[in-house]
Amino acid sequence: MMENQTNLQDWQNFFDERVRGRRDLVLGYIKYIAKLEKARLPPIFELRHLAGLIGVDEAVIVRIAQTPETFYRNFEIPKRLGGTRTISVPSPTALTIQRWILTEILSKLDIHSRSFGFVPKRSVVDNAREHLGQKVHLKLDLKDFFPSIKFNRVMKVFLSAGYPVSIAYFLARMCCVNKSLPQGAATSPTLSNLVARRLDIGLAAYSSERDLTYTRYADDLTFSGDKISSTEISQISYIINQQGFYLNEKKTLLLGEKSKKIITGVSITSGKLALPRRTVREIKLETYHLIKHGYFVHSKAKGKFDPLLMERLRGRIGFWLQIDPENVTAKRLQAQLAQYVAEFDASL
């Protein structure tokens, strides 16, 4: 079976046995395989082969390609500044396929060094750290980031990786719904970074020419330096539009030297990384009420029962310690919360 071949010699023997008298065809296959293996990508020859590699029925891939919307469940979540965002959760089968594509293909493709979101070993803290010590900061937000990335741009990612049109088409269809990237698919974050690579290249080059620092965390763009003029903002906007993205003008912020600066949830106002004071107050208050009154009383007072309340709070404290590992208050709250959770679990 083709999915069991492991090296070029195996493939050579495989095709020599099956494609007799067509040396040109065999060489074409071997050239295709060699290119993909050099990039550590799995060679895929046809839909049946793809299905075998993933471990699903070929008919399932065809159904998802034909009617992808039937393999998703949609729900709305509120945005922080008003409005709602549609989250599309794939079915278990679609999710299995997407995880294979993510692990075997997308995770092996190069993401630009200025992209910090959804990238292993890069975080919001790393993103904010890049802008420490700068006088002026420009914060921009890309409008409808995932939905703005259409099917044809997703297909180009797989074509650029070296796959033929027939395979790139099905791979892209497995990752899209309503002809764009769904927010909720396992493949969407990495695909968004890969599609935005040309945007990152353009903005990084422009910033370098003007002694500016540029980073992108998903749809959040940050520029910093000694000064940023209105002309430069217009030129940055032009580059963004040229790459098929658009700014959410309402979220454009140019912060002067004395302004409070919070970059992707991390404060750099003091010249060092810190958790914003408002967030610190929220964590301290939430932990106090949870431990003092207990989960059920506290939840009732809030007006809703959140089954992940303690996990979320633990995560927020962990993020605090990621920014400031030696913070005494954060360590104390972490220990208190751990003790409460252990007692809570024991009482159930």
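Summary of computed values
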item	result
Rounded percent of accessible protein surface that carbon and sulfur make up, the chain, 1.4 Å probe	52 percent
Helix 328-347 vs. the chain, principal-axis angle (Cα, 0 to 90°, nearest 10)	70 degrees
Reciprocal mean inverse distance between Cα atoms of the range 214-261 - Kirkwood radius, Å	11.9 Å
Computed E for K292/V60 - FRET, C-beta separation, R0 45 angstrom, nearest 0.05	0.30
Solvent-accessible ranking of K31, K251, largest area first, probe 1.4 Å	K31, K251
Label corresponding to Rg/Rh (Cα atoms, Kirkwood Rh) when calculated from the structure given, among [x] 1.08; [y] 1.04; [z] 0.95	[y]
FRET E, pair E343, R48, Förster distance 51 Å, beta-carbon r, rounded to 0.05	0.40
Qualifying lysines (Cα of each under 29 Å from Cα of K304; at least 8 residues distant if same chain)	K79, K284, K292, K331
Folded to 0 to 90 degrees: helix 151-161 orientation relative to the chain principal axis, Cα	70 degrees
Chain lengthening between D306 and R73 when straightened (0.36 nm per residue, less Cα-Cα)	81.7 nm
Cut-off under 5 Å, modelled amide H: who pairs with L221 long-range	L140, D141, L142
Table column - 3J(HN,Hα) (Hz), the range 128-140, Karplus curve with 6.51, -1.76, 1.60, x for Gly and Pro	5, 4, 4, 10, 5, x, 8, 7, 10, 10, 10, 10, 10
Long-range HN-HN contacts of Y246 with modeled amide H, under 5 Å	K143
Probe 1.4 Å, protein heavy atoms only - accessible area per residue of the chain in square angstrom	55 Å²
Distance (nanometres) between label positions extended 7 Å along Cα→Cβ at D126 and I201	2.1 nm
Viscosity 0.890 mPa s, 25 °C: Kirkwood-radius Stokes-Einstein D of the range 164-215 over Cα pairs, µm²/s	190 µm²/s
Principal axis dimensions, the range 69-171 - Cα atoms, whole angstrom, descending	50, 35, 23
22 Å Cα-Cα reach of K258 towards lysines, excluding residues that sit fewer than 8 places from it in its own chain	K135, K139, K227, K250, K272
Tilt relative to the chain, helix 92-104 - C-alpha long axis, 0 to 90 degrees, to 10	80 degrees
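The values are calculated or read from the model by the stated rules, or taken from the named source; none is laboratory data. What you see is a predicted model, and the numbers here were worked out from it, not measured in a lab. A quick note on method: Cβ atoms are made from the backbone with ideal geometry, for glycine too, and the neighbour counts reach across all protein chains shown. Note: accessible area is taken over every heavy atom of the protein model, side chains too, but ligands, DNA and RNA are not part of it. Shrake-Rupley method; radii C 1.70, N 1.55, O 1.52, S 1.80 Å.
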